[in-house]
Structure formats: structure tokens, C-alpha cells
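Undergrad: Can you read through this structure? Questions will come right after.
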Amino acid sequence: MTRHLLVALATVLSLLVAVIAGVLSWAADGSIPRAVLCGGGAFVVWMTLSVLLYSALGLLDRGVGEG
């Protein structure tokens, strides 16, 4: 259960970072395709870093949080 919540948290935070990066990119040069690309890249990077951090801390191991 804890693993699912951590992955959900990582996803929501990644979406937030992606939207902020996309909006800032769009505000800088006004190109929508470039803003979508920037937001998508930010999502991938933030999600990867989040999952790697959770994994390195041992929070995504099967034994953690189970009975």
C-alpha cells in the first residue's frame, strides 16, 4: 500500500513540475510545441529522480510497510 502511495505522490509531483516547466517555457518564447516538449521532459526527469530516490532510500522495497 505504501509503495502505491509513493508512486502516486511521485506522479502528482511530476505533473506539477511538468506544468510549471511547460508554462514557463511557453511564456519565454510562445511556442506551444516547445512548451509541451519541455513539460514532457521535465515530467520524465522528475519522475525518474523521484523513483530512484525512493528506491535508494529503500521505500519501494516489498518488505517496507507490510505487516
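Undergrad: Per DSSP helix of 4 or more residues, -39500 (n - 2.57); summed, then divided by the residues of the chain. What does that give at 222 nm, rounded to the nearest 500?
TA: Details: 2 runs with 53 residues, N = 67.
The helix contribution divided over the chain gives -28000 deg cm²/dmol.
Undergrad: Now, a different point. When you count, for each residue, the other Cβ atoms within 10 Å and take the mean per peptide, how do 11-18, 53-60 rank with the highest first?
TA: Details: 11-18: 15.8, 53-60: 12.9.
Output ranking for 11-18, 53-60: 11-18, 53-60.
Undergrad: First check a/c for the chain, with a ≥ b ≥ c the square roots of the eigenvalues of its C-alpha gyration tensor; if it is under 1.5, answer rounded, and if not, answer prolate when a/b is larger than b/c or oblate otherwise.
TA: Numbers: a/c = 4.83, a/b = 3.36, b/c = 1.44.
In terms of gyration-tensor shape, prolate.
Undergrad: Moving to a separate point now. Calculate, for the chain, the solvent-accessible area per residue in square angstrom, rolling a 1.4 angstrom probe over the heavy atoms of the protein chains. Working shown, then result.
TA: Working: 4750 Å² over 67 residues.
Accessible area per residue: 71 Å².
Undergrad: Which angle from 0 to 90°, rounded to the nearest 10, does the C-alpha axis of helix 2-29 make with the longest principal axis of the chain?
TA: 10 degrees
Undergrad: Extending each Cα 7 Å along its Cβ direction at VAL7 and LEU24, get the distance between those two points in nm, one decimal.
TA: Roughly 2.9 nm, to one decimal.
Undergrad: Carbon-plus-sulfur fraction of the accessible area of the chain, 1.4 Å probe, in percent?
TA: Details: 3630 of 4750 Å².
Here it works out to 77 percent.
Undergrad: Let me ask something else. Label point 7 Å out from VAL36 along Cα-to-Cβ: which residues of region 6-26 have amide N under 17 Å?
TA: Within reach of a label on VAL36, which here means backbone N under 17 Å from a point 7 Å along Cα→Cβ, region 6-26 contributes 18-26.
The values are calculated or read from the model by the stated rules, or taken from the named source; none is laboratory data. Quantities reported herein were computed from a predicted structural model and do not represent experimental measurements. Virtual Cβ from ideal backbone geometry, glycine too; neighbours counted across all protein chains shown. Each accessible area value is taken on the protein alone, full model and side chains, heavy atoms only, with ligands, DNA and RNA left out. Shrake-Rupley method; radii C 1.70, N 1.55, O 1.52, S 1.80 Å.
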